[in-house]
Each structure stands twice: as structure tokens, then as C-alpha cells.
4 protein chains.
Amino acid sequence: MLTIADKTFHSRLFTGTGKFSSSQTMAAALASSGSELVTVALKRVDLQDQSDDMLQQLKTEKIHLLPNTSGVRNAKEAVFAAQLAREALQTNWIKLEIHPDPKYLLPDPIETLLATEELAKLGFVVLPYIHADPVLCKRLEDCGTAAVMPLGAPIGSNLGLKTEDFLRIIIEQSRVPVIVDAGIGAPSHAAQAMEMGADAVLVNTAIAVAKDPIQMALAFKMAVEAGRMAYLSGLGQQGTSAVPSSPLTSFLDV
Amino acid sequence: MLTIADKTFHSRLFTGTGKFSSSQTMAAALASSGSELVTVALKRVDLQDQSDDMLQQLKTEKIHLLPNTSGVRNAKEAVFAAQLAREALQTNWIKLEIHPDPKYLLPDPIETLLATEELAKLGFVVLPYIHADPVLCKRLEDCGTAAVMPLGAPIGSNLGLKTEDFLRIIIEQSRVPVIVDAGIGAPSHAAQAMEMGADAVLVNTAIAVAKDPIQMALAFKMAVEAGRMAYLSGLGQQGTSAVPSSPLTSFLDV
Amino acid sequence: MLTIADKTFHSRLFTGTGKFSSSQTMAAALASSGSELVTVALKRVDLQDQSDDMLQQLKTEKIHLLPNTSGVRNAKEAVFAAQLAREALQTNWIKLEIHPDPKYLLPDPIETLLATEELAKLGFVVLPYIHADPVLCKRLEDCGTAAVMPLGAPIGSNLGLKTEDFLRIIIEQSRVPVIVDAGIGAPSHAAQAMEMGADAVLVNTAIAVAKDPIQMALAFKMAVEAGRMAYLSGLGQQGTSAVPSSPLTSFLDV
Amino acid sequence: MLTIADKTFHSRLFTGTGKFSSSQTMAAALASSGSELVTVALKRVDLQDQSDDMLQQLKTEKIHLLPNTSGVRNAKEAVFAAQLAREALQTNWIKLEIHPDPKYLLPDPIETLLATEELAKLGFVVLPYIHADPVLCKRLEDCGTAAVMPLGAPIGSNLGLKTEDFLRIIIEQSRVPVIVDAGIGAPSHAAQAMEMGADAVLVNTAIAVAKDPIQMALAFKMAVEAGRMAYLSGLGQQGTSAVPSSPLTSFLDV
């Protein structure tokens, strides 16, 4: 089981709520995924309206809501958004997303560090979305981050673990959980992250835009479990020459 | 369900029997994998001795034995080996492996085509292990092969789908089942092959040499199912710029 | 200097004549490339007309013509085409291209081996275009091939050395020159092939379709020379952790 | 020609002085490289001793010295080191290297931004070594950086452009020169960076540890020029299916 701050999770597949065709499809896909941590953009929720359809779908016993700050441009806005979210959704967990660039949505390391520091002081459980930058991860640890969420590739690109070499270093060095976020476009990508020793993955686009989001969510669930199991079962080494699995001594010579 | 020649398979994970630490571990891992088609090297089996330990372990109702010709150096030897196997193991299925080179164990395209043609005429169900060569695959089809088994990387290397670009072409063009064989070193590799539309994968080394082969076999089982499910559920496109899963319009502007 | 059969070459950049916007541009680009071996499709040349414009452009002292069999579908047609070419162009050199599939233009290993064997017996200097199949390369050697021309990626795709892992094996094992053909889309790809120890590369599309083919030809010339020089100068090992090029002992502590 | 701050460069290959077997070999290799900007670690130079051998070797008309701050752990130490360097070497150019981690030598984004801001105010021409983080690059621009030096892979690893996807974004968005630094292990890597549109590359380890550093320096020089020329000559698109360079219509049908 994975523990982050005060919570434990059976599922290592975290999900999001964007891009689904309907709230009903979303709810069914999230149920199929087995996810216990679901991120939701503040703006997407009508904070005043407790009958908000999406929010109602997410209010199950199993799912823990993780509001995110998508849309903010700096640390100050992020802190304000986190406070809004805490009040509205009754949670001190916050997924910090500060990405000023509208094209690639890549995170700002400086503002993210500043906001993490401030939010940790204010009692938040902070999960920052960041570039796969090992030194930044260590700095965030020093500021009290609850986990780090390095990207595999730009959000929504489905490109997989383009940052693999740096994710390995982050996983090797981190003292907080490492959750690979963004870019995971197929169950094989999720399995790969888990095989490398990541603690969890966050998947949204690849489930939401699938032709069948409910089945795709299940495929991701299984792939994450398979990847984790493989990590624990001890994968073999990679080699450059072949090692036969069948004997080569020819029985025909006898 | 996957159909090859006269048989149907629930499981798309085919396995092998080499490199396990004991026959007991092998049997437990194969059971854990859910595999219904298991390849066995002729030399490994004592054909005269029906009490052969490994063979006994494999004689379950669920498992269909697939003898392989590992050790032969040309078509003539392969045909002879297949006939031996048919008599000893009472099956006309044969995994054709003709790899004269002892270092990389790469298959010989010429001898493999010749042997496939001859064996098909002799009533065998032929599954040839080959380089990921799309033209060779079409030639094998014309000779009556039951399936094609292109390699991902050298046998036992665990390097994954190094031939990805050519596997895609083979899958696109093939009229017989495509089984990715050799090189699959982690569940993520198996999932990737299935996501691409492969009909099945064959895994041996990666399970047999794992620290915990029984759990690893289960991890592969789940990854293969996840990959197949993702293929059927319609994976999204890959892109180069980001597509936000959360809205960018800032709620802070309101 | 590179020797193939009875000829020696200063330049390890071989080129082709397809896809240029005009014969004049082609001639200027080939001059800029420094290439001494230039392949030409039989069909492109009007064999009856000695005033054929392209052919005239290629008749320089420096350039050795290498007719290719592009368009043939099997060994028999290839042998006939080679004989036509020998008569028309007064050369017993032939680039063997047998690719029945019109979409990916991948070569047929079986027909290529048959044609190589036959043509070698007929006194031709055979340079066969093939998949990056190490075992096929050894078979071609046994048949008297003058060189092997494994592909990096499908013709005209510009994708680079997608077959890198198998090219390494081919280079390691080959006793005849290895010329990487097809897929080379940028000077960096050509340099990479040479750094790996390839004897030469053949580039056509990437030069012909460049905005400035003459400058691009020069860029390829330099990259091939750079790659060869690097191979001879002993490249360093790749590592996974950093090795500082500057000292880490802090001068600030003093 | 490349312009950075007040200087123009004919050569786009920047080099370093670490790891050479002797000062003489270093000087010969640098001459062979044609490099006009050479980075030198402060600690490596005996600042008091104007007869320092390495320094004497570098004092040519052609070479512009670029002191680096390797060894410092934060912005404050970096600013102090830069000031020391300015006094000792009579240059206000500084390569900023702040990498607290001794294993992978990855740069600290926060301290680097702080130091850049401070040094720019103090009149330095700052060239910061950074992770390939596109948002950090924009932040550095806003602080007055003279260029950005994103890494391809960890220093000394020779792994090439592992950050390729992010380097593309940086090059697309940057208003200051982009110099790819660290990880470039072969001339093909340098050519690739230039083909992508990088303004320059910095190479040290791959030259210094080659069996023949002088020839390797020349190979890099040529590869950088080839890559730049290819960038300017308009590389073709990459495709997934083949595009024939020779005609397919069979002349045998006639």
C-alpha cells in the first residue's frame, strides 16, 4: 500500500476528470479504474453549487478528491486557489499546477517551489506537478512537499516516458513518493513507470479520450498492478547478446 | 479469443520452459501465467522416458505443448526434428527455430522458409521464429504458415521491442496471427506489443530469471490482458504539443 | 580508403539520382557530395539514347555508375535487368533491389539471395539492398556478394537508424563492406552509421528533396567524414552517471 | 555567424578544458576544433600564477576564455566565484554551473535563476548551464541571460540528446542563443543538435577522453558545420511509409 501524508491507497493509479464526454462516462471510468485519488480542476467545479453534477459523481466513499490549481500563473495565485479549494471541498490536499505557457503547459519550477513552501507552511498536503528535474525534486523535499509529480511528456501528448533517464534518477534519490504525471498515453507507459519503481502514476487524457473510456480505465488499472508486481518480483538484466532459453547442443548429433 | 489453425486460446501469453531453477517452479509459474501454449525444446525432454519430470509437469489439460526445434541448423534438420517431436509428443504443432549463429541466436530466413514450406505440406501447424521482416512474413503466409513469430530483440536480451517500426508493418499486412517472440523483458514490453495489435506474445526468459517467477508470470498475464484491452478500447493519438486535461481559463480573472 | 571488389573509393558517401528537380541540380549536388559511386535506376535512363540528359550529367571521370534493379519483383527479373544494365552501361556492378511491396519498398530476402548467387556466378559485382538481418548477410557472403546494404528504415522515410541494434551485429560479423542504405534522413544519421563502423552510407532522398540540395550534399559529405574520423579516433564509453569534466573540489573552501 | 552579447563567433563548437591527458594535447585539440569559446574551471587555474601552464596554452588571439563556476553550491558562491574570475581573467563572461549533487552533476534551477539575475545586474554576460526546462529558459531570458545552455544528458555520460523533445521546445521559444551542453558524446549528437536549430554546442568529455583527441576535435568541428548547414538547407520531413527514390514502374513490362 502507498502512503502519502496521512492517507493510504490500495490503488497506485491516480486519475483526472478532464475531457470526458459526460459526467456519467467519467464516473463509470473512474469506478472501473479503481482509482482512489482523483484530481479536479477548480474552475471545472461550480464551487457555489453543491448540486454540481460532476462533483456529485465524485462524492463516493472510495474516492479522495485532489483539487488542482490549473489556470494559475504564479505562486501567489496558486496559494489563493488552494485556499479556495480547501474551503469549498473540505480538503487540505492540493495538486499544484503552475504552467504559464499555454502551448505546452510545462510547469514553472520557481513559482512551484515558492508555492510549495508557502502551502506546506499553511498546512497543505502539496503534490506539485513538475518537470522531471532531479534537483528540483530535492528542493521540494526540503520545503515539505508530500510527493513529487514529474512529467513523462507534455500534458495530453500521450508520448510516454520521454524523460525516462531523469525519472530513474528522481526515483533513485527521492525520499517522498514519486508519481509520474503527464504524457502517459497507454497502459504500457504506466507499466513501464511502475517497473522503474515509481510509486504511482496519474492518467487522465489517455482514459478520457479513448473510444471506450471504461474499458481503457480497466486496462490502465491492470497495467499499473502488473508493473508494480514486476518491480517487486525482480526484473532481469538487459543484455546485448542473446542468452538462449532453449539448449543449443544439437540432439541431432547424437 | 485467439484462433490458430484448429485451436482457440483464451490467453494471449505464450510461454517457454527454459532457464527455470526447477521443474516445480516452472510448473507453478506457468500455472500463474495462465498460458495455454507452452514451448519446449526437444533436447530438454527425454523422449524415451515418459516419466521425464518436466514433461510430467506440463501434462495438464489446459496446456498445449509446442515443441521447438532449437538446436537445428538448417531446414533438413528442422523437418527431421519436427517429425521426431510429432511422434514423441503426439502433436503436429511445431515452433520452428533455425538459428545457426550461437551468439545472437538470430533466425535464418532462407532455411526457415524452406522448412515451413516442407512442414506445411507434411501436415504440420508451423509457427516460425523469424526476424521482423515484413516481406518474409508474406512469403511464409504463401507457404501455409499458421502464424508468424517475429522477434522484438535477440533471445534472452530483455531489450523490448527494438523492431517496433517493422512489427507495425507486419501487423498491418499479416493475414495470419502475429506473435511477438524474443526480447520481451518486462510486462510493459508485452503490453506495448498487444497495444500495437499483436495477436499474442511469447515470453520465457523474463519470467524464468525473475527473482520471483510465479509473481512475474502473473504480472505478464495482467499486462498482456491490459494491452489487448487497450488495443480494443481505442488508444488516443500522440501529439507534439500539449492538450490540457484541465481548463486553462483562469478562474482568478472572474 | 574503401575497397569494394576491384575499386577503391576516397568517399564513403554513395548517392542516388532519384527525386531531383532537374538533371542540372542533380549533377551539382552529386559534385558537391564528392560521391564516387552513384546509383541510377535502369528505367530512368533511356538505354537506347546515348544523349540521354541524366546519363550525360553522370558521365564524369570521377563518378562510377551503379545501375539498380528497382522495379523488378523477383530474382529472375533482377538477373535479366542486370544483364541489360551491363550491356547498356558497360559495368558489371549492380545494385540489387527486389522489393515487391509497393508501400514500404522492403526487400525480399529469398529472391535477393537467389539473385545474388546467380549474378555472382555470372561475374557481377553484386551490392544487394536488404533488411538489417545479420543471418541473411552471412548467407550473402557465402554466395559471393561484394558488399551488403542493410536498411536503416524504409526508403524515403528519413527516419534514421531504426535498425541500429541489428546494424551493430552486422558490422561486428561481416567480412564484406557494410553500406547502410535507406532511411538516412539527416547528416547526423549518416555520421551515426559511420561512428558505429559502417564502411559507407547511401543517401538519396534526403539530399534530393532538401530545399538546397547542393548545400545538403556538402553537409552529408562532411558528416560522413566526421563520423568516420570519430570511429577511427576512438569514441568514449557511454555511462549512466555523470563524470565531471570540471573539478568539484570547491575552491571556495580554501 | 553567431552573436552572443558583444561577441561574434565563426565556430559554433564551444569546448572545455577538463580531462585532457596533458596541457599540450589540450591545446592541440582545441586548435583542431576551431573553437573560439573555451570554458575553464576556476579551480583548475592557479589564479595567482600567471605562468600557469594551462592558462598559457589558452592565451591565443583566437580563443575567448569562458570561466565556469563548477564547484559552487548556490547562488551566493556563484556570484563570488564570478567576481573572482572577472578579476583574475579579465572577462565579464561567466558560465554558471551550480550543481549540488555530486553523482549526476545536475544543475539547480532555483539557485541558477537567482545567480543569473544578480550577475546580469552586475554587468556579467551570463551563460547558465541548466536542465532542458523550457519554462526556466524563459525565466532566465526575463532576467537578462545572454544565452541558455540546456543539457542533453548528464555531464560526461556521452548519452546524447536524451532531452530532445524539450530541446525542440526551447529552440522554438527562445529569444536568446541556445547552446546544448553536456551529454554530447559523438559527432552525430552534435550534428543532431545543430540540425534541430541549436545555435551552438559545448563539447568537452567526448573530445578529451577519445583515443585521439586531436582528430576527434576535428570530427566534431566538421559535424557541427554539417549539422548547421543541413539546418539551413532545409531537411525533408520524416514519414512512416516509404517514398521511392527510384521509379517502380517496371521496365520489364514493356
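A short reminder: the numbers here are calculations on the coordinates, not readings from a lab. Just so it is clear, the structure is predicted and the values come from calculations on it, not from any experiment. FYI the Cβ positions are ideal-geometry reconstructions off the backbone, even for glycines, and counts take in every protein chain you see.
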Filter the GluC sites (Glu not before Pro) in the stretch B:82-137 down to the DSSP loop ones having no more than 15 other Cβ atoms within 10 Å, then list what survives. none
Here the correct list, in nm and shortest first, of distances from residue D:74 to the same site in the other copies, label points 7 Å along Cα→Cβ, is 2.4, 7.5, 7.9
Can you sort A:130, B:184, A:169 so the residue with the fewest Cβ neighbours within 10 Å comes first? A:169, A:130, B:184
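Under the classification rounded if a/c is under 1.5, otherwise prolate if a/b is larger than b/c and oblate if not, where does the protein assembly as shown fall, given a ≥ b ≥ c as square roots of the Cα gyration tensor eigenvalues?
Working: a/c = 1.88, a/b = 1.14, b/c = 1.65.
Note, shape of the protein assembly as shown comes out oblate.
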Candidates D:235, D:55, D:113, ranked by Gaussian network fluctuation over chain D, Cα under 10 Å, top entry: D:235
May I ask you to list the aspartates and glutamates whose Cα is less than 12 Å away from that of residue C:7, ignoring any residue fewer than eight positions away on the same chain? C:36
Length-normalised contact order for the stretch D:2-232 - Cα pairs under 8 Å, 6+ apart - percent: 20 percent
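Once you have a ≥ b ≥ c as the square roots of the Cα gyration tensor eigenvalues for the stretch A:94-145, tell me rounded if a/c is under 1.5, and otherwise prolate or oblate according to whether a/b is larger than b/c. Before the final figure, lay out each step's value.
Numbers: a/c = 2.35, a/b = 1.46, b/c = 1.61.
Verdict is oblate for the stretch A:94-145.
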Along each of its three principal axes, how wide is the spread of alpha-carbon positions in the stretch D:136-180, in whole angstrom units, largest first? 31, 18, 14
Size of electric dipole in the stretch C:2-233: Cβ of Lys, Arg +1 and of Asp, Glu -1, about Cα centre, debye, nearest 20: 240 debye
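In Å, what Kirkwood hydrodynamic radius results for chain A from the alpha-carbon pair distances?
Values: mean 1/r = 0.0531 Å⁻¹.
Every distinct Cα pair counted, the radius reaches 18.8 Å.
Find the all-direction average of the projected area of the Cα convex hull for the stretch B:49-94, expressing the result in square nanometres with one decimal place. Could the numbers behind the result be given before it?
Working: hull surface 13.9 nm².
Reported value for the Cα convex hull: 3.5 nm².
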For the stretch D:139-250, taking Cα atoms only, what is the radius of gyration to one decimal and the Dmax to the nearest whole Å? 16.5, 63
Any chance you could check the Cα centroid distance between the stretch B:62-81 and the stretch C:168-184 for me, in angstrom? 31 Å
As I understand it, the value is the acute angle between the Cα axis of helix B:213-233 and the longest principal axis of the Cα atoms of chain B; what does it come to in degrees, rounded to 10? 60 degrees
List the residues whose amide H sits under 5 Å from the amide H of residue C:68, counting only those 5 or more places along or on another chain, with H placed 1.01 Å from N in the peptide plane. C:40, C:41, C:42, C:95
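Exposure proxy check: D:7, D:19 ranked by fewest other beta carbons within 10 Å? Numbers along the way, then the final one.
Numbers: D:7 13, D:19 19.
In increasing order of surrounding Cβ atoms, one gets D:7, D:19.
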Helix A:75-89 versus the longest principal axis of chain A: what is the Cα-based angle in degrees, 0 to 90, to the nearest 10? 80 degrees
Compute the helix-to-body angle for B:164-173: its Cα long axis versus the longest principal axis of chain B, expressed 0 to 90° and rounded to tens. 80 degrees
Here is the link list: B:121/C:162; B:43/C:138; C:211/D:95; D:121/D:221; C:138/C:162; C:95/C:138. Which ones come out longer than 25 Å on Cα distance? B:121/C:162; B:43/C:138; C:211/D:95; D:121/D:221
Grab every C-alpha pair in the stretch D:13-124, bin the distances at 5 angstrom width from 0 up to the longest one, and report whole percents. 2, 12, 22, 23, 19, 14, 8, 1
